[in-house]
Amino acid sequence: LVKKFGNDLTFDGAKTIIAGQRGLLLSIKNIVNQQKEIERIVGHGWGEVIYEAERKAIKEAVPQIVGVKELDMLLKNSKISKKAIIQNLIGLFNQTGLGLLKLSEFNEKNSYFIVTVENSPIPEEYEKRDAPVCFHLAGIFAGAAEAIFMMPMICKEVKCVSMGHQYCEFKIMKR
Ligand SMILES: [Zn+2]
């Protein structure tokens, strides 16, 4: 019942399409430079700017990627599991170059899950920090979770490669 998004990356003329969404390739240095400029101008709240931009974009994109009908069925019919949808989205994420995403804990009843990201290139570009820097990913996970759980969700990064951890870890829960 659940669509597989496995190889849904196509180049159509001058258009790159990722799971039905128009996409593009950006260098990691470019992304990190943009983030550091936002930090320089905005100051302490820089992460929230990036987090909110991603959260809103992904919340809109997920129903298009998964299929509005499928998400609607999810709400009414528990036979399609949220976990299966998340696993499919993880398969798609793992083709984007943002690192290796794994679901490490999933609690559907309490609308709570934990993911880890290994080999994430963005925090590797940063000098050592005392706070997480992956607001881009946290926003993606919050937006996807809001689309799938159909309620306001929040994502907090609790471990980050930029802080010296082996991988980044994110907790996603009800807001
Ligand atoms: Zn991180």
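Where a number appears in this text, it was derived from the coordinates with a stated rule and is not lab data. Not measured: the values here are computed from a predicted model. Virtual Cβ from ideal backbone geometry, glycine too; neighbours counted across all protein chains shown.
Can you tell me which of Ser111, Ser27, Ser120 moves the most in a GNM of the chain? Springs connect C-alpha atoms under 10 Å apart.
Looking only at Ser111, Ser27, Ser120, the biggest GNM fluctuation is shown by Ser27.
Gain in length, Lys109 to Met151, computed as 0.36 nm per residue apart minus the alpha-carbon separation, to one decimal in nm?
Roughly 13.8 nm would be gained on extension.
Kirkwood Rh over Cα pairs of region 75-143 into Stokes-Einstein at 20 °C, 1.002 mPa s: D in µm²/s?
Values: Rh = 13.6 Å.
Estimated via Stokes-Einstein, D reaches 157 µm²/s.
Which of Val115, Val158, Val133 moves most in a GNM of the chain, Cα contacts under 10 Å?
Top of the fluctuation ranking is Val158.
Using 0.36 nm per residue of separation minus the Cα-Cα distance, give me the extension gain between Asn77 and Gln34 in nm, one decimal.
Here the answer is 11.3 nm.
Positive end of the dipole of the chain, charges at C-beta (+1 Lys, Arg; -1 Asp, Glu), about the Cα centre: which of Pro132, Ile65, Met163 has its Cα farthest in that direction?
After comparing all options, I get Ile65.
Is any helix in the chain, taking whole DSSP H runs, at least 18 angstrom long along its axis by alpha carbon and on average at least 0.0 on the Kyte-Doolittle scale, and which ones? Could the numbers behind the result be given before it?
Working: long enough: 28-42 (21 Å, -0.46); 46-66 (30 Å, -0.12); 135-149 (20 Å, 1.51).
Counting only whole DSSP H runs, the qualifying helices are 135-149.
Let me spell out the model: positive unit charges on the Cβ of Lys and Arg, negative unit charges on the Cβ of Asp and Glu, origin at the Cα centre of the chain. What dipole size does that give, in debye rounded to 20?
It works out to roughly 560 debye.
Quick one: among Lys59, Lys102, Lys69, which has the greatest mean-square fluctuation in a GNM of the chain with alpha-carbon springs under 10 angstrom?
Of Lys59, Lys102, Lys69, the Gaussian network model singles out Lys69 as fluctuating most.
Dipole magnitude of region 88-175 about its Cα centre, charges +1 at Lys/Arg Cβ and -1 at Asp/Glu Cβ only, in debye to the nearest 20?
On the way: 9 positive and 10 negative charges, 63 e Å.
The dipole of region 88-175 has a size of about 300 debye.
Can you give the extra length, in nm with one decimal, that the chain gains between Thr10 and Leu26 once fully stretched, where that is 0.36 nm per residue apart less the Cα-Cα distance?
Roughly 4.1 nm would be gained on extension.
Given the convex hull of the Cα atoms of region 36-162, what is a quarter of its surface area in nm²?
Orientation-averaged projected area of the Cα hull: 7.9 nm².
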